[in-house]
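S.K.: The structure is given below, and queries will be raised subsequently.
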Amino acid sequence: MLLGIVGEVDKDAKSYYMWTHKKLDIGYNQDAIVDVNLTSEAKVKLEPGARISFTYEVHFTVYCSLTCLVRDTYHDCSTSFS
């Protein structure tokens, strides 16, 4: 499961915005994904009749040798999704 922000509302609840660009940074070691980071960018104000384009980019980072200590920084035992 991958969770990310879709949009937001301004403080006065009069304007609504949508993040239209997603950036995925994926770290892997051989055939295993060891790190994923999702960033939302390019906030666009929602208005009636507006045409909105969505984009994304993906970057891969190779981790050649991870020690157990480094791997543990990517594993949060307190977080679980059902």
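S.K.: Can you tell me which residue in the stretch 1-44 is surrounded by the most Cβ atoms within 10 Å (Cβ to Cβ), limited to those that are of a type in the set (Gly, Ala, Ser) and out of contact with any Gly (no Cβ under 7 Å at 6 or more places or on another chain)?
M.R.: Only one residue fits best here, namely 27.
S.K.: For the stretch 24-52, enumerate the residues that are touching a residue at least 24 places away in the same chain (Cβ under 8 Å) and either within 19 Å of residue 63 (Cβ to Cβ) or of a type in the set (Ser, Thr, Tyr) (or both).
M.R.: Once the filter is applied, which keeps residues that are touching a residue at least 24 places away in the same chain (Cβ under 8 Å) and either within 19 Å of residue 63 (Cβ to Cβ) or of a type in the set (Ser, Thr, Tyr) (or both), the stretch 24-52 yields 24, 25, 26, 27, 28, 29, 34, 35, 36, 38, 40.
S.K.: Considering only the stretch 21-32, state which residues are farther than 23 Å from residue 6 by Cβ and assigned to a strand (DSSP E or B).
M.R.: Across the stretch 21-32, the qualifying residues are 27, 28, 29, 32.
Rule-based calculations on the coordinates, nothing more; no lab input. Remember, predicted model here, so these are calculated numbers, not experimental data. When we count neighbours, we look across all protein chains shown, and the Cβ atoms used for this are built from the backbone with ideal geometry, even at glycine.
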